[in-house]
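In what follows, a structure is listed as structure tokens, so that the remarks can point back to it.
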Amino acid sequence: MKIRAAGLIILALSLAASAAPSPAASAAAAQDQATGIKTPGHIDWQPVAGPGKKIKINDDYIFTYEFSQRPQMGTVILIIKVFDKKGAQVVPFALSGRTDMPSMRGAHDSGEVVFRTNRVNNYLLPVNVVMPGDWEVRITFSLNDKAVFHGSIRFDV
């Protein structure tokens, strides 16, 4: 019995050691973070200020967002308005969004959904809230098939 228990302890320790990052890998990750080098395909999702606040996309455009109603169980509409330097509301971007619960990543993922526009130049995305908790909408602004802004809108229900 003692031999079997000792074998299990050794197995557990070896698994724990193999799961831990090596000191070299940790140092490399820290150096990448310090130098600003990003892993290919990695996206930095910029946290977005609250509803109604002006958020800079690039030097030429800003946007604001709001929900059609206070987020709650069921479907709410995320409304994004984009403005140019002159303050005119415009629709130059292709917008896509992805809704999920950060605390249960992947469990309620909507997949990538394209925003639609209405007659008054609002971008619209239905957000299906299926349970209480923390939610996130990741939005991507693309211009000429190139992503120019990645934002993260978080809210609780």
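Details
- Pairs meeting the criteria (first residue in the range 81-98 and hydroxyl-bearing (Ser, Thr, Tyr), second residue exposed (fewer than 13 other Cβ atoms within 10 Å of the Cβ), beta carbons under 7 Å, at least 6 apart or on different chains) are SER96/GLU112; SER96/VAL114.
- The range 117-129 residues that are in contact (Cβ under 8 Å) with a residue 60 or more places away in the chain, paired with ones that are in a strand (DSSP E or B) (beta carbon under 7 Å, 6 or more apart): VAL127/THR75; VAL127/VAL76; VAL127/LEU78; VAL127/THR99; VAL127/VAL137
- Here SER96 clears all of (1) assigned to a loop (DSSP other than H, G, I, E, B); (2) of a type in the set (Gly, Ala, Ser); (3) within 18 Å of the chain's Cα centre (by Cα) except the condition numbered (1).
- Residue under evaluation ASP100, criteria (1) touching an Asp or Glu at 6+ places or on another chain (Cβ under 7 Å); (2) surrounded by fewer than 16 Cβ atoms within 10 Å (Cβ to Cβ), criterion not met: (2)
- Strands (runs of 3 or more DSSP E) contained in the range 108-157 and holding at least 3 residues under 14 Å from PRO71 (Cβ atoms), modelled with pLDDT of 95 or more and in contact with a Lys or Arg (Cβ under 8 Å, 6 or more places away or on another chain): 134-143
The values are calculated or read from the model by the stated rules, or taken from the named source; none is laboratory data. Keep in mind that this is a model prediction, so the values were computed, not measured. We place every Cβ from the backbone using ideal geometry, glycine too, and count neighbours over all the protein chains shown.
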